[in-house]
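The values are calculated or read from the model by the stated rules, or taken from the named source; none is laboratory data. Predicted, not measured: the structure shown is a model, and the values here were computed from it. Cβ sites come from the backbone with ideal geometry, for glycine too, and all protein chains shown count toward neighbours. Heads up: the accessible areas ignore ligands, DNA and RNA and are worked out on the full protein's heavy atoms, side chains in. Shrake-Rupley method; radii C 1.70, N 1.55, O 1.52, S 1.80 Å.
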Amino acid sequence: MSDLLVVGAGLYGLTVAERAANELGLHVTIIDKRDHVGGNAYSSFDAATGIEVHQYGAHLFHTSNERVWEYANRFTTFTNYVHRVYTVHGGTVYPMPVNLGTINQFFGTAMSPDEARTFIAQQAAEFAGDEPQNLLEKGISLVGRPLFEAFFAGYTAKQWQTPLEQLPPSIISRLPVRYTYDNRYFSDTHEGLPADGYAKWFERMADNPRIDVKLGVDFFAADGDLTKTAAVGQIPVVYTGPIDRYFNYSAGNLAWRTIDLIEETLPTADFQGTSVMNYADTHVPFTRIIEFRHFHPERSYAGDTTLIHREYSRFAAPEDEPYYPVNTAADQAVLAQYRELAKAEPRVHFGGRLGNYAYLDMHQTIASALGFAETGLIKLLG
Ligand code: FAD
Ligand code: UDP
């Protein structure tokens, strides 16, 4: 008999399980309805090309949290990959996020950092001094209307299919704006990709005789001893699935976006010259193309073939993979009801991106799980 049931073998569930087993000496059972650990960050190696493919969308690890960096490095080493993204607008390729190179290329200028700051401040003046209330206001106040319309309005329309005034400003605050030619996508102290692949990292986290991983097990199955009906109230549960699914959507469905990843293997050693190319314009139906071989320039791949994913975003139905929480005011109202229900649930902790309905990156997920393992877990155990 385990001391703890963890539902979901993503980074949140794995981190809690690892800490519970190694730090507290508990026996933990982790279930996942998929056939692998690692949740959405999982990757596998394509049999034909040997290229590592991120099966649920491209995952780049980055953090400025020293504790998270140290923790992740217990299970994997990281390559020195530095993420850079380019974007196509009006038939021209620009560096993204917006930096001095993007600004000067877009306006056909040779502005210095100070000149560009002054210039963009004028373009952003329509919302100056006001706290941005939504993604549209935030975007324009960051880069001004012309750059916003060129690089964000179309991409965001495709990615979210939601009026920009209804989207939270935090979605766009993820991206820096720089008045230098630094075109790194992230500004964090540490970044890199797991040297021998994501799957190995996650398998090492679960590699402990006190951790029992059971795959292909659905918490909401009609029968079995590791289901919601059988387990809740009998054993402490850490639940990392969608919070609305847990309560059988009784307060309504939370809106999620999912992505159709359309894979192609192409007869060239290099399709686009970089790992991620965004497509800012709405006449192109996909948001971006990922070319996976560029994530690992240190690896040698046999043959002149490459593997790409085109990403097509749409609203998720309950049977789809829930990838991005939309988080409109209406969603927040529904979420508040689920949070109330969650408080009353006997010895169940809701965690992770799905359990919190939050747009968490991997490092934030790990930080949140480490925090819970340190304080909340003892309370949950009772
Ligand atoms: P998940 O990884 O979603 O794991 C939850 C697990 O619970 C899943 O394995 C699921 O199968 C399981 N589960 C759900 N319901 C049940 C059930 N009923 N029974 C049993 N098991 C169940 N972060 C970054 O830092 N960098 C990136 O570049 C990045 N890119 C991303 C791209 C995409 C498309 C997405 C969707 C996310 C991205 N992230 C990225 C975020 C990252 O995926 C998350 O931070 C992290 O995976 C969250 O871990 P988690 O354990 O909370 O959730
Ligand atoms: N975004 C955009 N244009 C871009 C890149 C990003 O408009 O070229 C906006 C868009 O709304 C997107 C958000 O910024 O959803 C966050 O982008 P990020 O690349 O961080 O998204 P993720 O990698 O999580 O899909």
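In the stretch 168-195, the residues that are at positive phi form Cβ pairs under 7 Å with partners that are open to solvent by 30 Å² or more (accessible area, probe 1.4 Å) and in a loop (DSSP other than H, G, I, E, B), at six or more places apart or across chains, as follows: Gly192/Asn80. So, in the stretch 297-343, of the ones that are modelled with pLDDT of 95 or more, more than 22 Å from the chain's Cα centre (by Cα) and among the polar types (S, T, N, Q), which residue ends up nearest to ligand 2 (Cβ to nearest atom)? Restricting to residues being modelled with pLDDT of 95 or more, more than 22 Å from the chain's Cα centre (by Cα) and among the polar types (S, T, N, Q), the top hit is Thr306. Screening the stretch 155-166 for residues that are out of contact with any strand residue (DSSP E or B) (no Cβ under 8 Å at 6 or more places or on another chain) and in contact (Cβ under 8 Å) with a residue 40 or more places away in the chain and picking the one that is least open to solvent (accessible area, probe 1.4 Å) gives Thr162. Looking at this structure, is Val98 closer than 24 Å to Thr156 by Cα and in a strand (DSSP E or B)? Answer is no for this residue. Here's a check for you: in the stretch 126-138, which residue that is open to solvent by 20 Å² or more (accessible area, probe 1.4 Å) and touching a residue at least 12 places away in the same chain (Cβ under 8 Å) is farthest from Pro176 (Cα to Cα)? Among them, the one singled out is Glu126. The set of residues from the stretch 264-274 being within 23 Å of the chain's Cα centre (by Cα) and either exposed (fewer than 13 other Cβ atoms within 10 Å of the Cβ) or not in a loop (DSSP other than H, G, I, E, B) (or both) comprises just one member, Glu264. When residues in the stretch 301-324 are screened for being assigned to a strand (DSSP E or B), of a type outside the set (Lys, Arg) and in contact with a strand residue (DSSP E or B) (Cβ under 6 Å, 6 or more places away or on another chain), 8 of them pass. Summed over the stretch 337-371, the residues that are more than 10 Å from ligand 1 (Cβ to nearest atom), closer than 19 Å to Ala9 by Cβ and open to solvent by 20 Å² or more (accessible area, probe 1.4 Å) give a count of 3. For the stretch 168-193, the set of residues classified as within 17 Å of the chain's Cα centre (by Cα), of a type in the set (A, V, I, L, M) and assigned to a loop (DSSP other than H, G, I, E, B) consists of Leu175, Leu193, listed by residue number. Inspect all residues belonging to the stretch 347-359 and state whether any of them is assigned to a loop (DSSP other than H, G, I, E, B), touching a Ser or Thr at 6+ places or on another chain (Cβ under 8 Å), free of Cβ contacts under 8 Å to residues at least 60 places away in the same chain and of a type in the set (Gly, Ala, Ser). Within the stretch 347-359, none of the residues are assigned to a loop (DSSP other than H, G, I, E, B), touching a Ser or Thr at 6+ places or on another chain (Cβ under 8 Å), free of Cβ contacts under 8 Å to residues at least 60 places away in the same chain and of a type in the set (Gly, Ala, Ser).
Can you find a residue in the stretch 255-263 that is open to solvent by 20 Å² or more (accessible area, probe 1.4 Å), away from ligand 2 (no atom under 15 Å from the Cβ), out of contact with any Gly (no Cβ under 8 Å at 6 or more places or on another chain) and closer than 24 Å to Leu60 by Cβ? The answer is yes; a qualifying residue exists. When Val334 is tested against (1) closer than 21 Å to Gly13 by Cα; (2) in contact (Cβ under 8 Å) with a residue 40 or more places away in the chain; (3) open to solvent by 20 Å² or more (accessible area, probe 1.4 Å), exactly one condition is not met: (1).
Residue-wise test of (1) small (Gly, Ala, Ser); (2) at pLDDT below 95.
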residue: Met1; (1), (2): no, yes
residue: Ile30; (1), (2): no, no
residue: Gly39; (1), (2): yes, no
residue: Ser44; (1), (2): yes, no
residue: His62; (1), (2): no, no
residue: Ala72; (1), (2): yes, no
residue: Tyr94; (1), (2): no, no
residue: Gly101; (1), (2): yes, no
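The set of residues in the stretch 194-253 being within 23 Å of the chain's Cα centre (by Cα), crowded, with 20+ Cβ neighbours inside 10 Å and in a strand (DSSP E or B) consists of Pro194, Val238, Tyr239.
Being open to solvent by 10 Å² or more (accessible area, probe 1.4 Å), within 30 Å of Ala302 (Cβ to Cβ) and of a type in the set (D, E, K, R), is that true of even one residue in the stretch 56-74? Looking through the stretch 56-74, none of the residues is open to solvent by 10 Å² or more (accessible area, probe 1.4 Å), within 30 Å of Ala302 (Cβ to Cβ) and of a type in the set (D, E, K, R).
Annotation note: of Thr77, Thr92, Thr49, the sole residue that is surrounded by fewer than 20 Cβ atoms within 10 Å (Cβ to Cβ), under 30 Å from Ile259 (Cβ atoms), β-branched (Val, Ile, Thr) and out of contact with any strand residue (DSSP E or B) (no Cβ under 9 Å at 6 or more places or on another chain) is Thr92.
Annotation: Glu191 fulfils all but one of (1) more than 10 Å from ligand 1 (Cβ to nearest atom); (2) farther than 28 Å from Glu319 by Cα; (3) open to solvent by less than 30 Å² (accessible area, probe 1.4 Å); the unmet one is (1). Report whether or not Phe106 is free of Cβ contacts under 8 Å to residues at least 60 places away in the same chain and either within 16 Å of ligand 2 (Cβ to nearest atom) or in a loop (DSSP other than H, G, I, E, B) (or both). So Phe106 passes the test.
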